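The values are calculated or read from the model by the stated rules, or taken from the named source; none is laboratory data. No experiment lies behind these values; they were computed from the predicted model shown. A quick note on method: Cβ atoms are made from the backbone with ideal geometry, for glycine too, and the neighbour counts reach across all protein chains shown.
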Amino acid sequence: MLVNSAERGWWSWLPFKPPSDSGSDAAPDLAAEDLQTLERIVSGRFHTEVLSPVLAESLRVHLGHRTLQDRLYAVLALMTMTAVAPLWIYAAIPHPLRDPLVVYGLLFGLLLGYAGLARFLVVDCSHRLMDWAISGLLIATVVCAEYVRYSENFSRAELTPSIMVVVPVAMLSLVNQPSTRSIGFVICYGLVILLFDTLYLASDSSPTPSIWLMQALVLGPMLVSNLLRQTAIQHEWAAMLLLRTQAFRDPLTGLPNRRALEDHFERVQRQQQRSADGSHHYLALIDLDRFKQVNDTYGHVRGDQVLGHVALILNRCARRPLDMVARIGGDEFAMFLHDCTPSDGEARVEALLREIRLARLEHEQSPDHIVTCSAGGCSISPGGTLTDSMRVADTSLYRAKTNGRNQLFTGSMERNQRLGLDGGRPMRTYYDDGGGRVSGFTIVVNDAGATTVIRPGKEPGPR
């Protein structure tokens with residue numbers, strides 16, 4: 001579960017901005033192998049396979065958000081323990097410190113380190129270096145504490161060596177790092193204890209065998225519990241990601257669906273507004289010609305195969321990072337081309353229609369005996385909406401269908417021009433570019449969403 005803004009209120013006193021949850025619901029672009037891996041994890045058949053870079057990145061981000069609150073608890077608890085260390089050292093140690101400047105200097109350095117780590121957690125809880133930063137600071141805490149304990153020659157009665165077990169306990173119970181790093185941290189903790197025990201072999205501060213046994217009995221079960229908890233978190237992540245991916249994917253073709261297209265368009269528009277980018281985009285609606293007759297003649301299985309083959313061709317024609325192809329209906333697809341002029345968009349869609357013709361998918365009821373497509377395009381100006389753009393593209397597709405099929409017709413829209421029709425109510429007016437086989441026409445959409453087509457020399461009439 002991601003931590004929302006209301007749950008962050010308890011640390012609102014921190015002098016920095018909490019991380020935003022915006023965009024956390026967006027599913028990454030997963031290959032078929034990634035989906036199979038997720039299904040194996042959810043079904044419990046996942047063992048030692050290595051996650052792909054996309055899945056590993058998604059799991060890292062999920063783990064960062066999922067464990068943010070627990071990690072902050074651990075960091076703030078250790079920071080508090082470090083801050084009050086001078087008080088309990090003064091109360092527990094009967095003799096004065098040999099080198100108080102070094103001791104208090106180390107404590108102050110650790111205190112600054114924990115404050116910086118708390119800032120790092122809240123600013124970017126899923127940063128790539130977060131796990132290393134937490135592990136490094138906790139190991140540094142153990143090193144400093146052991147150095148002070150041995151250099152000041154604290155006896156076991158004055159300051160028991162087992163006090164440092166609180167650091168790996170906090171690590172395993174609250175920090176929730178991946179299993180391999182948790183095991184590595186426990187090993188490093190043991191090596192640090194052994195190192196100081198070796199350097200100060202004759203010291204009265206060395207841990208006794210009973211202390212080693214006690215730490216092993218405490219950390220062993222906690223390490224097993226950590227491994228089981230990591231497995232449960234990974235299972236939860238895989239189930240959430242699989243469901244989110246299925247919600248944004250068309251199951252037949254594997255392409256994004258209409259919801260994914262809408263979310264992608266909104267993200268692109270927000271990015272364009274932040275950067276004050278005035279570039280245009282291009283949207284095309286592509287519909288298979290006489291597709292119902294394909295199903296009637298060859299059966300629905302063959303129809304599904306045709307849709308899958310066309311989807312592969314469409315996917316090849318939208319390779320740029322912010323381009324997208326989506327299946328939005330039975331035999332209707334949408335292609336969004338980022339930062340694309342009308343002429344470039346027309347050229348790319350024409351090339352797409354040509355690729356589909358060259359695939360020579362059999363269709364006896366078609367005039368050319370192959371599967372063809374019609375397309376309606378729309379040039380999207382900065383600030384345009386997807387709903388309005390699809391209305392224009394849909395009308396352009398309608399014109400392409402009624403004028404022979406197997407062709408592209410492009411329209412564009414002017415958002416700021418209005419007509420005083422329908423009793424004086426304002427209406428948005430769109431104009432085409434005169435593309436295809438049809439001369440210019442005007443599309444009027446009123447506030448209720450009704451569409452009117454005005455052809456040159458004719459009165460307005462409903463579409």
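Scan segment 73-88 and report the pairs whose first residue is on the phi > 0 side of the Ramachandran plot and whose second residue is assigned to a helix (DSSP H, G or I) and buried (at least 18 other Cβ atoms within 10 Å of the Cβ), with Cβ atoms within less than 7 Å and a gap of 6+ or a chain change.
Short answer, once both residue conditions are applied: none.
Just to be sure before I move on: is P221 touching a residue at least 12 places away in the same chain (Cβ under 8 Å) and under 30 Å from V169 (Cα atoms) in the structure I sent? Even if it seems obvious, please write down each step before you answer.
Numbers: touching a residue at least 12 places away in the same chain (Cβ under 8 Å): no; under 30 Å from V169 (Cα atoms): yes.
Here the answer is no, as P221 does not meet what is asked.
Go through (1) over 15 Å from T253 (Cα atoms); (2) part of a helix (DSSP H, G or I); (3) modelled with pLDDT of 90 or more one by one and return the number of the condition F336 breaks.
Against the list (1) over 15 Å from T253 (Cα atoms); (2) part of a helix (DSSP H, G or I); (3) modelled with pLDDT of 90 or more, F336 comes up short only on (2).
Looking for something more than 21 Å from F185 (Cβ to Cβ), in contact (Cβ under 8 Å) with a residue 60 or more places away in the chain, surrounded by 15 or more Cβ atoms within 10 Å (Cβ to Cβ) and not small (G, A, S) - is there at least one such residue anywhere in segment 121-142?
The answer is yes, given that some residue of segment 121-142 is more than 21 Å from F185 (Cβ to Cβ), in contact (Cβ under 8 Å) with a residue 60 or more places away in the chain, surrounded by 15 or more Cβ atoms within 10 Å (Cβ to Cβ) and not small (G, A, S).
Just to verify a result, which residue in segment 268-280, among those that are of a type outside the set (D, E) and in a loop (DSSP other than H, G, I, E, B), is surrounded by the most Cβ atoms within 10 Å (Cβ to Cβ)?
H280
Say we look at segment 55-73 and pick out the residues that are hydroxyl-bearing (S, T, Y) and part of a helix (DSSP H, G or I); which of these is farthest from M171 (Cα to Cα)?
S58
Among what's in segment 253-297 and is of a type in the set (S, T, N, Q) and in contact with a helix residue (DSSP H, G or I) (Cβ under 9 Å, 6 or more places away or on another chain), pick the residue that is modelled with the lowest pLDDT.
Quick first cut of segment 253-297, residues of a type in the set (S, T, N, Q) only: 253, 257, 269, 271-273, 275, 279, 293, 295, 297.
Pick out the ones that are also in contact with a helix residue (DSSP H, G or I) (Cβ under 9 Å, 6 or more places away or on another chain) and you get 253, 257, 269, 279, 295.
Working: T253: 84, N257: 89, Q269: 86, S279: 80, N295: 87.
It comes out as S279.
Conditions tested, residue by residue: (1) within 19 Å of S396 (Cβ to Cβ); (2) assigned to a helix (DSSP H, G or I); (3) under 24 Å from the mean Cα position of the chain (by Cα); (4) in contact (Cβ under 8 Å) with a residue 12 or more places away in the chain.
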{"residue": "A260", "(1), (2), (3), (4)": "no, yes, yes, yes"}
{"residue": "I286", "(1), (2), (3), (4)": "yes, no, no, yes"}
{"residue": "V301", "(1), (2), (3), (4)": "no, yes, no, no"}
{"residue": "V306", "(1), (2), (3), (4)": "no, yes, no, yes"}
{"residue": "E346", "(1), (2), (3), (4)": "yes, yes, no, yes"}
{"residue": "V349", "(1), (2), (3), (4)": "yes, yes, no, yes"}
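Would you be able to tell me the number of residues in segment 320-344 that are touching a residue at least 12 places away in the same chain (Cβ under 8 Å) and polar (S, T, N, Q)?
Summing the residues that are touching a residue at least 12 places away in the same chain (Cβ under 8 Å) and polar (S, T, N, Q) in segment 320-344 gives 1.
Listed here are the residues, each with its yes/no results for (1) farther than 30 Å from H65 by Cβ; (2) touching a strand residue (DSSP E or B) at 6+ places or on another chain (Cβ under 7 Å); (3) assigned to a helix (DSSP H, G or I).
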{"site": "L252", "(1), (2), (3)": "yes, no, no"}
{"site": "E266", "(1), (2), (3)": "no, no, yes"}
{"site": "Y282", "(1), (2), (3)": "yes, yes, no"}
{"site": "T297", "(1), (2), (3)": "yes, no, yes"}
{"site": "A326", "(1), (2), (3)": "no, yes, no"}
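Return the total of residues in segment 356-388 being crowded, with 16+ Cβ neighbours inside 10 Å and either within 18 Å of L314 (Cα to Cα) or not assigned by TED's automatic domain parsing to the domain that holds R327 (or both).
Residues flagged as crowded, with 16+ Cβ neighbours inside 10 Å and either within 18 Å of L314 (Cα to Cα) or not assigned by TED's automatic domain parsing to the domain that holds R327 (or both) within segment 356-388 amount to 11.
Tell me, yes or no, whether segment 99-108 has at least one residue that is assigned to a helix (DSSP H, G or I), closer than 12 Å to R71 by Cα and out of contact with any Phe, Trp or Tyr (no Cβ under 7 Å at 6 or more places or on another chain).
no
Here's the yes/no breakdown for (1) under 20 Å from L129 (Cβ atoms); (2) at pLDDT 80 or above; (3) surrounded by fewer than 16 Cβ atoms within 10 Å (Cβ to Cβ):
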| site | (1), (2), (3) |
| --- | --- |
| R156 | no, no, no |
| L159 | no, no, no |
| I163 | no, no, yes |
| A170 | yes, yes, no |
| V186 | no, yes, no |
| L194 | no, yes, yes |
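Checking the conditions here, which among S374, S366, S379 is in contact with a helix residue (DSSP H, G or I) (Cβ under 9 Å, 6 or more places away or on another chain), modelled with pLDDT of 90 or more and of a type outside the set (K, R)?
Working: S366 fails: modelled with pLDDT of 90 or more; S379 fails: modelled with pLDDT of 90 or more.
One residue alone meets the criteria, S374.
Given (1) more than 30 Å from Q36 (Cβ to Cβ); (2) surrounded by 17 or more Cβ atoms within 10 Å (Cβ to Cβ); (3) out of contact with any Pro (no Cβ under 6 Å at 6 or more places or on another chain); (4) modelled with pLDDT of 85 or more, where does L219 come up short, assuming only one miss?
In the conditions (1) more than 30 Å from Q36 (Cβ to Cβ); (2) surrounded by 17 or more Cβ atoms within 10 Å (Cβ to Cβ); (3) out of contact with any Pro (no Cβ under 6 Å at 6 or more places or on another chain); (4) modelled with pLDDT of 85 or more, L219 misses (3) alone.
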